[in-house]
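Q: Submitted below is the structure of interest, expressed as structure tokens.
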Amino acid sequence: MLAFSLILGFVVMQPPDNLNDVVVWTFNGRITEEWHADSAMYVNPQYCKRAWFKYSEIPCNYFADPIYNLLTIPPYINNLGSLFEGGVQCAHIQLNKGWPCDNAYDDDHQPPYEVPEPVFYDFATRNANDSIYWLGNYTYPKSNASIANENWQDFLLYWAYEQIDANVNALEFDQINAGYRFTTTGTSGNNSNDGYDDYAIGTANFATNLSVVCKHGIINPIEWFMPTDSASSNNDSVFLAFDDNNETYWHSSFAGIHWIEIDFGRIRTIQQVYLRFPSNHILNNFEVTYWNGNTWQNFSPQISFTGNIDSICSFLVEPIKAIKVKLVSTDNEVWLSEMQLLGQGFRQYL
Ligand SMILES: [Ca+2]
């Protein structure tokens, strides 16, 4: 929010009496250097603005990197008698670039870094067939991000905070509409409904799947987010219970007590536990608990079953803060298609 009266050095800025008296300078690009601000002063503006965060231009964190020295720009503009408005471009996300740090999904490990594919598929607007809604004929794959996606909101707010820390006086969030396109000549049952996205439609439940370690055909899970198990019947199948794919599963060893565990690495708010078993291998006896940093705790209501006959078991629980979640079973063997922990907050990628 803008301050109503900002006193900086010898300059006193007051809100205008009439919006028609406001002069706003916008620059086709960021104001990142003093000469940009000096140019703006030609029209003696009350406000200088241009988005400081753009999804496609993040080789690194501009705002915290002393190389760019952005901290000095807003005070410099203030001393020239103008307020500086940073901004966040909300609408688009580009697969080939636009991630603030190196990651396992980037091909050359050089900036600009590629958006990790699980993140991109999470952020991007998808149609009713779960396909990405691509934008135009761009050389680089680009999509609208889903503004209703809490992960995307968190990502944008992350960059907003970075700009606040870099001394901006105000923030602007532009292009907040996701892209929707309907085939007006389509027939009933045969309309592509491009731009449909499940987050916008499913607003009754904003819970985020915090436990996906790989999805959409990605074979290898993210290295720093590996789940663990008591033992598997085949090598490394444990992550198949966390890949958002009902056709793949973790298969424990035979006999004994079995467990499977996901370690978030930091505290997550969990409000739903979703288990899915292959219909021909339903788990009868199991218990799910969480690690709060000190002890293993029961959810409320408690998740502890004997004689279960359902292949899908979904539990809404009181929101709790967990670092790990574990399923334990005394059945001779466990087949687990999915163990999804849904809750709040940005996922594991930042
Ligand atoms: Ca699976």
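Q: Can you confirm whether ASN294 is within 16 Å of the ligand (Cβ to nearest atom), out of contact with any strand residue (DSSP E or B) (no Cβ under 6 Å at 6 or more places or on another chain) and part of a loop (DSSP other than H, G, I, E, B)?
A: No: the conditions fail for ASN294.
Q: Something else now. Just give me the residues in segment 226-255 being surrounded by 13 or more Cβ atoms within 10 Å (Cβ to Cβ), among the acidic types (Asp, Glu) and either within 11 Å of the ligand (Cβ to nearest atom) or under 19 Å from LEU342 (Cα atoms) (or both), in sequence order.
A: The answer is ASP243, ASP244.
Q: Same structure, new question: Has segment 256-268 got any residue that is assigned to a loop (DSSP other than H, G, I, E, B) and either exposed (fewer than 15 other Cβ atoms within 10 Å of the Cβ) or within 16 Å of the ligand (Cβ to nearest atom) (or both)?
A: Yes, that holds for at least one residue.
Q: Within segment 56-71, identify whether any single residue is of a type in the set (D, E, K, R) and either in contact (Cβ under 8 Å) with a residue 12 or more places away in the chain or surrounded by 22 or more Cβ atoms within 10 Å (Cβ to Cβ) (or both), and answer yes or no. First the steps, then the outcome.
A: So in segment 56-71, the residues of a type in the set (D, E, K, R) come out as 57, 65.
Next, from what is left, pick out any that are either in contact (Cβ under 8 Å) with a residue 12 or more places away in the chain or surrounded by 22 or more Cβ atoms within 10 Å (Cβ to Cβ) (or both): 57.
Checked against the condition, which is being of a type in the set (D, E, K, R) and either in contact (Cβ under 8 Å) with a residue 12 or more places away in the chain or surrounded by 22 or more Cβ atoms within 10 Å (Cβ to Cβ) (or both), segment 56-71 yields at least one hit.
Q: So, one more: Filter segment 272-302 down to residues that are touching a residue at least 24 places away in the same chain (Cβ under 8 Å) and closer than 21 Å to ASN246 by Cα, then give me how many there are.
A: Total meeting the criteria: 16.
Q: May I ask you to list pairs of residues, at least six apart or on different chains, whose Cβ atoms are under 7 Å apart, with the first in segment 147-164 being within 15 Å of GLY343 (Cα to Cα) and in contact (Cβ under 8 Å) with a residue 12 or more places away in the chain and the second being basic (Lys, Arg) and part of a loop (DSSP other than H, G, I, E, B)?
A: Between residues of segment 147-164 that are within 15 Å of GLY343 (Cα to Cα) and in contact (Cβ under 8 Å) with a residue 12 or more places away in the chain and residues that are basic (Lys, Arg) and part of a loop (DSSP other than H, G, I, E, B), the close pairs are ASN151/ARG347.
Q: Right, here's the next one. Just one of the numbered conditions (1) basic (Lys, Arg); (2) within 16 Å of the ligand (Cβ to nearest atom); (3) over 20 Å from LEU316 (Cα atoms) is not true of ARG276; which one?
A: Unmet condition: (3).
Q: Modelled with pLDDT of 95 or more and β-branched (Val, Ile, Thr): which single residue out of ILE323, ILE282 fits that description?
A: Only one candidate qualifies: ILE282.
Q: Follow-up. Output the number of the condition that ILE312 fails; it satisfies all remaining conditions of (1) of a type in the set (A, V, I, L, M, F, W, C); (2) surrounded by fewer than 15 Cβ atoms within 10 Å (Cβ to Cβ); (3) away from the ligand (no atom under 16 Å from the Cβ).
A: If we test ILE312 against (1) of a type in the set (A, V, I, L, M, F, W, C); (2) surrounded by fewer than 15 Cβ atoms within 10 Å (Cβ to Cβ); (3) away from the ligand (no atom under 16 Å from the Cβ), just (3) comes out false.
The values are calculated or read from the model by the stated rules, or taken from the named source; none is laboratory data. This structure is a prediction, so every number in the text was calculated from the model and none was measured. As a convention, Cβ positions derive from the backbone with ideal geometry for all residues, glycine included, and neighbour counts pool all protein chains shown.
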